[in-house]
Structures are given as C-alpha cells and as structure tokens.
Amino acid sequence: MLFHVRMDVSVPHDMDPDARADLLAREKARAEEIQRSGKWPQLWRVVGEYANISIFDVDSTDELHDLLSSLPLFGFMRIKVTPLAHHPSKVD
Ligand SMILES: O=C(O)C[C@H]1C=CC(=O)O1
C-alpha cells in the first residue's frame, strides 16, 4: 500500500542546542534505517519549508503509524497522510 505523507517539523526555538543536535542525529539515523528497509522509497524536502513530502510503501495503516511514531521527531511534527490508489490513465 502506498501513502503520500507530508511532515511539517516544528522544533521549539528554545530547545537546548545539545538536545536539539541529539534529537536530529537520532532522527537522521532512524529515517535512514527505515529507508534502507524499503518501506520509505521517496523523501523530498519542500522548498523553503522545514517540511518533507514522502512516499511510504507499507502493508497496513498500522505499520505506517508504527513507522511514523518511531521517528524521534514524531512529537514535533504535524503529519498528513494520503492513501494512494492506481490511476486508470497512468501509462506504464
Ligand atoms: O527533516 C525532516 O523533514 C523531518 C524528518 C524526515 C526525515 C528526517 O531525517 O527528518
């Protein structure tokens, strides 16, 4: 099942710099781990925003929720999920 996911990140400006650096390092490591699993095949930065557009390829909505909530930034993101279906006019 394919899902279009938009994540808008909002880390508090007054967060301790070391805590922020640690949080972002853990986020990068976990994001790379999920991508290497094949479940997160597309990750794009939205130009000019601290946000990304992603495609996830997972077996269920529960799996998607588990992956998203495993991200260290989960508590600092607004996440919008759009399920995708095949388009009848798509040329292969
Ligand atoms: O920076 C972001 O867009 C948020 C999040 C998604 C992947 C990652 O490493 O961090």
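The values are calculated or read from the model by the stated rules, or taken from the named source; none is laboratory data. Remember, it's a predicted structure, so these values are computed and weren't measured experimentally. Don't worry about glycine lacking a Cβ; one is built from the backbone with ideal geometry, like all the others, and counts go over all protein chains shown.
Counting only residues that are surrounded by 16 or more Cβ atoms within 10 Å (Cβ to Cβ) and more than 16 Å from Lys28 (Cα to Cα), how many does the stretch 42-56 have?
Count: 1.
From (1) farther than 17 Å from Ile79 by Cα; (2) surrounded by 12 or more Cβ atoms within 10 Å (Cβ to Cβ); (3) of a type in the set (D, E, K, R), pick out the condition that doesn't hold for Glu27.
Condition (1) is where Glu27 drops out.
Just to be sure I understand the filter: pairs with C-beta atoms under 7 Å, separated by 6 or more residues or on different chains, first member in the stretch 57-71 and within 15 Å of Gly38 (Cα to Cα), second member among the charged types (D, E, K, R). Which pairs pass?
Asp57/Lys39; Val58/Lys39; Leu67/Lys39
List the pairs whose first member sits in the stretch 2-19 and is within 24 Å of Thr61 (Cβ to Cβ) and at pLDDT below 95, whose second member is loosely packed, with under 14 Cβ neighbours inside 10 Å and not hydroxyl-bearing (Ser, Thr, Tyr), and whose Cβ atoms are under 8 Å apart, counting only residues at least 6 apart or on separate chains?
none
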